[in-house]
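K.L.:
The structure follows.
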Amino acid sequence: MSEPIVKQEAEQDYDPHRFSAEPKRKPNKTVLIIIVAFVVLMTLIGASVFITRQYLSDYMAERAERRKEEQEMKNANEEKGRKGKVFGAGSGASGSALPARFGKGDEAKNPDADAAAIPLLRDKAPPPAAPAPVVPVAPPPPPPPPLMAPAASLAGGGLAGSVAAEPAQKRPANVQELAAQRALTAALTATPQVSAANLGNRSYLLARGSVIPCVLETQLVSNIGGSTSCVLPQHVYSDDGKVLLLEKGSSITGIYENNVRTGDSRIAILWQRIKTATGVVIDVDSPAADQLGVMGAPGVVDNHWPERIGAAFLLSMVEDAVAIQMSKNGQGRNSGYGGASFNTTTTLSEKVLDSTINIAPTLYKNRGDRLMVYVSRDLWFNNVYNVKQR
């Protein structure tokens, strides 16, 4: 009794159509889409080349016709100039010797007489011109007196005609007297004079030309200028290396502007003030430089090419499509509604390109990048620090 039951169960488990119930896979259309896109792209390129060649041929034909018209006008003007010279030779004689169209009454009936009278006028010499009257010329005024004295007077410190030359100054005995003498005569010399000086106690000095390393705390985006800050990653010592002037962790604040133009790869930063951890502040007013000392902070530049030429490119494609349709219909660019559409699209493309081509690029400077402060002045800390020798 149990065997038929097992066979029946086996027959119920077997389904000859069980594979037909599986879902069918969708065909892959990626290759077809790529082929269609390629065909469309090649069609647009071919249409653009065709329209460009047609436009160039029309332009060259118009240019040749314009040159021909200009040459004809030039020849006509030269012919008129020659005729004017021939008839202008007899302008000083009576009206009876002029051609018919310039005469009056019966004189215009004999053109042969007029033509014969013209060479006779050429042979006559013009009447001599009357001599020009002689106008007496007044003698030139005397030269004004010189404002400055000659070199000999200037060496003595006086003016010509007013102050007599002083005796030569004595030779200075030391550097202080030399500096005082040069300060008195600085207005009379063209080249500025300089003198050597001692820096003094260099333990309180951060000299001009020193560099201060720092790490950016904020990210920079050049679309809008603003403020920024960086932090010192290490201690900064005095000019002689004996005194700690700026502790590690001191903050430096500065400003930057949105003056990045096409082709720029750096942004200018001006560091203004340093604040130490102990509350000491000092104005630096020094530029930023990279780790090699090159002025400015380098960054990643986005030139916004899609925004600058994308709209104009799309409108140019619409213009090409309109031109292709017009060429199929056998219409010109200046005929009917098709010509109006073509001219409108061209004007719109030019306006869109003029408004978007001057979009300024954007420079990005990441937070955490290392920069340097190139100190452009002597920084003194003697009024806040008091160092005692042990």
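Just so it is clear, none of the values below were taken in a lab; they were calculated from the coordinates. From a predicted model like this one, the values you see are computed outputs, not experimental measurements. When we count neighbours, we look across all protein chains shown, and the Cβ atoms used for this are built from the backbone with ideal geometry, even at glycine.
K.L.:
What list do you get for S229, S316 if you sort them by fewest beta carbons within 10 Å?
P.N.:
S229, S316
K.L.:
Under 5 Å between amide H atoms, partner at least 5 residues away or on a different chain: which partners does V284 have, H built in plane at 1.01 Å?
P.N.:
R273, I274
K.L.:
Still on this model: Any chance you could run the full-extension gain for V215 through Q71? It's 0.36 nm times the residue separation minus the Cα-Cα distance, nm to one decimal.
P.N.:
So the chain would gain 44.7 nm between V215 and Q71.
K.L.:
Then there is this: Give the order of S355, S238 when sorted by the count of other beta carbons within 10 angstrom, beginning with the fewest.
P.N.:
Listing S355, S238 from fewest to most nearby Cβ atoms yields S355, S238.
K.L.:
In addition: Would you list I359, I212 from fewest to most Cβ contacts within 10 Å?
P.N.:
So the ranking, lowest neighbour count to highest, is I359, I212.
K.L.:
Report the gain in length on full extension from L184 to Y385: 0.36 nm times residue separation, minus Cα-Cα distance, nm rounded to one decimal.
P.N.:
68.7 nm
K.L.:
Rounded to the nearest 0.05, what FRET efficiency is calculated for T262 and K351 with R0 set to 25 Å and r the Cβ-Cβ distance?
P.N.:
0.75
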